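Notes to accompany the following structure.
The values are calculated or read from the model by the stated rules, or taken from the named source; none is laboratory data. Predicted model, so just to flag it, every value in this text is computed and none were measured. No Cβ is skipped: glycine too gets one built from the backbone with ideal geometry, and neighbour counts run over all protein chains shown.
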Amino acid sequence: MEAAQAHFTLKVRARRTVIPKTPAMIDRLRTMRYSASSVNTYLRDPVEFYYNYVLGLKEKEDLLDEPQARQVGTFLHELLEEGFRPFLGKKPKIDSAFRGRFARIFEERFESTLARSMKSDAFMLKTVMAERLNRFLDNEETNSDRQVEEILHLESRFEDTVPLSCGDIRFIYVVDRVDRMRDGTHMVVDYKTGTTDLMPKALEQVAALELTRESVARDVRSFQIPLYFYYMDRAFPGKPVNAALYNLRTLKFDKFIDTPADCPRGQIHAAFLRALDFVIGEILNPEINFESEEDVVIGARTKR
């Protein structure tokens, strides 16, 4: 007797989503407060930008999933803020007393948050995180790039306007930490917990790029560090400033500028503001729709 067999035919079809801009939408776009994340979202997917920042519809996490990178990232940011809060306005001292206090905060926070949702996997995650945080504290104590004289800000929110050809655009900056370094540099630090850190390509490439959404996404990659650098230069005029991505997993401390005292700040701002001006101009252009394509898998099953 011939056994029944199921056969599947799968096809991938590109589905284009197109959202025209209305006058009310343009008014909203002109007055909203932007962030580096919102601009980066537009570069990645204009339709996602529309849903997230125009309609305010954020993608929800699946409550059945184990804690993902976003949850771990939030945990680490909150832990580091609470742990270093006593040093705000002071020079941090990574001694045994601090390490003991930090370990207690980690223990209490982990048990009340991640341990409850991870259950059987919590021990493994806790062990890995504790080891990496110990290495982070060692790095804070000994690394020549982390000679901090004073912690100026922790998880602080700033607002500013950026002058562009379309007018002054309001921006929000939520920074993990701002330090005054031993050499006088005012350094904004952005903690990263993932495997990929998006530092822009070389200044020469950004300054010379042909302005398209694709080319800006490819060469600028992320506006976060350039915008932090721009804000720091305005907040601390006449003083050396810098910005850095600090990977908590690898401990890589990736500085935006190698030598802050000698950097051509005007050229840096001009190159990145040129690219930002193009992106915001496209967002505000009523003739350019929010549109993107996504692959849709279509399946059909037959039996015989």
query: Identify, please: which residue in the stretch 73-95 is assigned to a helix (DSSP H, G or I) and either farther than 16 Å from PHE136 by Cβ or of a type in the set (Phe, Trp, Tyr) (or both) and is, among those, modelled with the lowest pLDDT?
result: THR74
field: Pairs, first free of Cβ contacts under 8 Å to residues at least 24 places away in the same chain and closer than 18 Å to ARG177 by Cα in the stretch 138-166, second hydrophobic (A, V, I, L, M, F, W, C) and surrounded by 17 or more Cβ atoms within 10 Å (Cβ to Cβ), C-beta under 6 Å, six or more apart
entry: SER156/VAL175
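In the stretch 248-280, which residues are charged (D, E, K, R), within 27 Å of LEU137 (Cβ to Cβ) and in contact (Cβ under 8 Å) with a residue 60 or more places away in the chain?
Quick first cut of the stretch 248-280, residues charged (D, E, K, R) only: 249, 252, 254-255, 258, 262, 265, 274, 277.
With the extra rule that they be within 27 Å of LEU137 (Cβ to Cβ), the set shrinks to 249, 252, 254-255, 258.
If the condition is that a residue be charged (D, E, K, R), within 27 Å of LEU137 (Cβ to Cβ) and in contact (Cβ under 8 Å) with a residue 60 or more places away in the chain, then ARG249, LYS255 are the ones that fit.
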message: I need a count of the residues in the stretch 199-230 that are part of a loop (DSSP other than H, G, I, E, B) and surrounded by fewer than 15 Cβ atoms within 10 Å (Cβ to Cβ).
response: 5
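Across the stretch 12-30, which residue is farthest from PHE171 (Cα to Cα) among those that are in contact (Cβ under 8 Å) with a residue 24 or more places away in the chain and of a type in the set (Val, Ile, Thr)?
Among those that are in contact (Cβ under 8 Å) with a residue 24 or more places away in the chain and of a type in the set (Val, Ile, Thr), it is VAL12.
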- prompt: Under 9 Å by Cβ, and 6 or more places apart or on different chains, what pairs join a residue from the stretch 83-105 that is in contact (Cβ under 8 Å) with a residue 40 or more places away in the chain with one that is assigned to a loop (DSSP other than H, G, I, E, B)?
  reply: PHE84/PRO92; PHE87/LYS93
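Matching residues to (1) among the hydrophobic types (A, V, I, L, M, F, W, C); (2) farther than 19 Å from THR161 by Cβ:
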position: VAL206; (1), (2): yes, yes
position: ASP219; (1), (2): no, yes
position: GLN224; (1), (2): no, no
position: LEU227; (1), (2): yes, no
position: ARG234; (1), (2): no, no
position: LYS239; (1), (2): no, yes
position: ILE257; (1), (2): yes, yes
position: CYS263; (1), (2): yes, yes
message: Looking at the stretch 19-53 only, could you name the residues that are surrounded by fewer than 16 Cβ atoms within 10 Å (Cβ to Cβ) and part of a loop (DSSP other than H, G, I, E, B)?
response: PRO20, THR22, MET32, ARG33
query: Counting just the residues of the stretch 66-116 that are surrounded by 14 or more Cβ atoms within 10 Å (Cβ to Cβ), of a type in the set (A, V, I, L, M) and farther than 24 Å from ARG146 by Cα, which one comes out farthest from the chain's Cα centre (by Cα)?
result: ALA115
task: Give me the pairs, please: first residue somewhere in the stretch 227-247 and charged (D, E, K, R), second residue anywhere and part of a helix (DSSP H, G or I), beta-carbon distance under 8 Å, and either six or more positions apart or on two chains.
output: ASP233/ARG265; ASP233/HIS269
Single unsatisfied condition, ASP190 versus (1) surrounded by fewer than 17 Cβ atoms within 10 Å (Cβ to Cβ); (2) part of a strand (DSSP E or B); (3) under 20 Å from the mean Cα position of the chain (by Cα): (1)
